Amino acid sequence: MTLTTTSASSPHATVADRVARGKAARAATPRSSHAELPSVPDRADPIEILERQALTRLPDLVPIRYGRMLASPFAFYRGSAAIMAADLAATPRTDLTVQCCGDAHLSNFGVFAAPDRRLVFDLNDFDETLPGPWEWDVKRLAASLMIAAQDNGFRRRDQRQVVLDCIAQYRKTMGEFAGMGNLEVWYARFEIESALEEHADELRPRAARRTRETLAKARRKNSVSAMAKLTHVEGGEPRIIDQSPLIVPLDAMADGAEREAMLGELQRLLEVYCESLPMERRRLVEQFRLVDFARKVVGVGSVGTATWIALLIGPVGDEPLFLQIKEAQASVLEEHLGPAEFDTPGQRVVVGQRLMQAASDIFLGWLTAGREYYGRQLKDGKASAEIEDMLPDGMALYGRMCAWALARAHARTGDRVAIAAYLGSSDTFDQAILAFSQAYAERNERDYNALQAAVEAGRIAVVTGV
């Protein structure tokens, strides 16, 4: 396996050469050209794209995915990464490559506990990660802001401003990182509690209070709180509660000797997962024993992939450890950028996450078990923003936070000097991305209406309210 370098053509190029590379990219791909959203005559039917994805997913869960996507144009957008990847492939692109998230919309950022237990804000979904054009992530983020602002009923002026604020923040942050050393960039992270204090005056009192409450709740989210919420005791052992179809425990799939045989096989699969962990973390997991397993429905775009939660118990005080074992498929970007250079999709996700995040979960690992999976902790200090409740000022601040985190991830994995030189100090790129986000919001609305029409015509089955 070869790990592709995503920085400059030469990792030891001089700063002057890297600046020249970025400015030369303007001639090949003018910054203003990013406003373009080509109208492709033979554009693929968006519903066909979703139906092709459904072929590799669990059939009984696909209607739930469609139901969640029907909630709003923004909910549809969350599940449409494959549709947008095809659209982005037709847009102008630079040759400046980074490790892309591949699905950098607003709801794929959030708060979680770093290994040192500090709460950090960062990207938190890497199912589609792949080396690619940095501007694809920026466009997906900007369009998500525009669509969310429209869904929330913002005035046109406020819709424009939240997008412009976000892109300006990305551009300025990339410029700041361009002047930093490699280690300084690598160690940079967004510690949410100190940032909240710094920007408290930008939030309305109610929003500031709700944010503090959310962070306090996040601190309480861990395997102990998950155990209290998700389990009961049966026969002296904790068991995951049946909440079908969203959480289907092992007890609902088998009982008696059959259940024990399944649990034994799952234990062996966990041992395979442990082989992908660094030695010290493998030793940590091996101190726990597996007691239960359940299938779980998560997110919007991920619904239909095989996702499981595993409950392990430690030897002292019945200490719980919840792991999430999530199916990894090919990135939606691979059809347009070429295949990943890893042995399995799970490894692609794990390596991409470690490259892009300032601090990653200590239990990140992968395994193959018929399907491909990656593992991590469940609910470790996690908190997500309530996008649908945001007012313009709050969404503008949140968009700037997302832009900072995205720029830092790109600065770690690409040529930050060349990208900063390409962006420059004017708002030319900002205005272009604003125009793109407006055009894409209109396209997303049409695709959302197409999904509604497909349901009404009986073309696809849908389950709502779950």
Practice item. Using θ = phi - 60° and the Karplus relation 6.51 cos²θ - 1.76 cosθ + 1.60, list the HN-Hα couplings for segment 58-71 in order, rounded to whole Hz, with x at every Gly or Pro. Key: 5, x, 6, 9, 4, x, 5, 4, 4, x, 5, 5, 6, 4
Study note, to complete from the structure: Looks like segment 126-196, by Cα gyration tensor root eigenvalues a ≥ b ≥ c and the a/c under 1.5 rounded cutoff (else prolate when a/b is bigger than b/c, oblate otherwise), is prolate
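Let's see if you can work this out: charge +1 on each Lys and Arg Cβ, -1 on each Asp and Glu Cβ, no other charges. What is the dipole magnitude of segment 341-464 about its Cα centre, in debye to the nearest 20?
Numbers: 13 positive and 16 negative charges, 96 e Å.
Around 460 debye, computed over segment 341-464.
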Exercise for review: At a Cα cut-off below 30 Å, give the lysines reachable from residue 139, other chains included and same-chain residues fewer than 8 away excluded.
Suggested key: 23, 172, 326, 379, 382
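When only DSSP loop residues count, what trypsin sites (Lys or Arg not before Pro) in segment 72-144 have their Cβ near at most 11 other Cβ atoms within 10 Å? Numbers along the way, then the final one.
Values: sites: 78, 93, 117, 118, 139, 140; in loops: 93, 117, 118.
Hits after loop and neighbour filter: 117.
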Review point. DSSP loop GluC sites (Glu not before Pro) in segment 244-276 with at most 14 other Cβ atoms within 10 Å of their Cβ, which ones?
Key: 275
Revision key, fill the gap. Given 37 °C, 0.692 mPa s and a Kirkwood radius over Cα pairs, the Stokes-Einstein diffusion coefficient of the chain in µm²/s is 142 µm²/s
Review point. To the nearest 10 degrees, how steeply does helix 428-456 sit against the main Cα axis of the chain, on a 0 to 90 scale?
Key: 50 degrees
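How big is the dipole moment of segment 1-149 about its Cα centre under a simple scheme where the beta carbon of each Lys and Arg is +1, that of each Asp and Glu is -1, and everything else is neutral? Debye, nearest 20, please. Intermediate results must be reported in sequence, preceding the final value.
Working: 16 positive and 17 negative charges, 88 e Å.
With only Lys, Arg, Asp and Glu charged at Cβ, the dipole is about 420 debye.
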Practice item. Determine which aspartates and glutamates satisfy two conditions relative to residue 296: a Cα distance under 15 Å, and not lying fewer than 8 residues away in the same chain. Key: 60, 242, 251, 327
Check your understanding: Taking square-rooted eigenvalues a ≥ b ≥ c of the alpha carbon gyration tensor, is segment 387-466 rounded, prolate or oblate, where a/c under 1.5 means rounded and, failing that, a/b exceeding b/c means prolate?
Key -> prolate
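Do any GluC sites (Glu not before Pro) in segment 343-413 lie in a DSSP loop with no more than 16 other beta carbon atoms within 10 Å, and if so, which?
Details: sites: 372, 386, 388; in loops: 386.
Those satisfying the criteria are 386.
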Check your understanding: Out of residues 5 or more away from residue 308 or on other chains, whose amide H comes under 5 Å of its own, with H placed 1.01 Å from N in the peptide plane?
Key -> 296, 325, 326, 327
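Express in % the proportion of alpha carbon pairs of segment 109-228 at distances exceeding 22 Å. Can you show the working numbers first?
On the way: 3708 of 7140 pairs.
Cα-Cα pairs in segment 109-228 separated by more than 22 Å: 52 percent.
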Exercise for review: Identify all aspartates and glutamates with a Cα-Cα distance to residue 221 below 15 Å; exclude those on the same chain that are fewer than 8 residues away in sequence.
Suggested key: 213, 319, 361, 380
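Work out, step by step, the length gained on full extension between residue 262 and residue 43: first 0.36 nm times the residue separation, then minus their alpha carbon distance; give nm to one decimal. Don't skip to the answer; put the middle values down first.
On the way: separation 219, 0.36 × 219 = 78.84 nm, distance 4.53 nm.
Extra length available between residue 262 and residue 43 comes to 74.3 nm.
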Review point. Cα axis of helix 256-274 to longest principal axis of the chain: angle in degrees, 0 to 90, nearest 10?
Key: 40 degrees
Review point. What's the angle, to the nearest 10 degrees (0 to 90), between helix 156-178's Cα axis and the longest principal axis of the chain?
Key: 90 degrees
Check your understanding: About its Cα centre, what dipole magnitude does the chain give when the only charges are +1 on Lys and Arg Cβ and -1 on Asp and Glu Cβ, stated in debye to the nearest 20?
Key -> 1000 debye
**Study point:** segment 1-124 shape via C-alpha gyration tensor axes, a/c threshold 1.5
**Key:** oblate
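Values in this text are rule-based calculations from the coordinates and carry no lab data. All of these numbers come straight from a predicted model, not from anything done at the bench. All Cβ positions, even for glycine, are placed from backbone atoms using ideal geometry, and neighbour counts span all protein chains on display.
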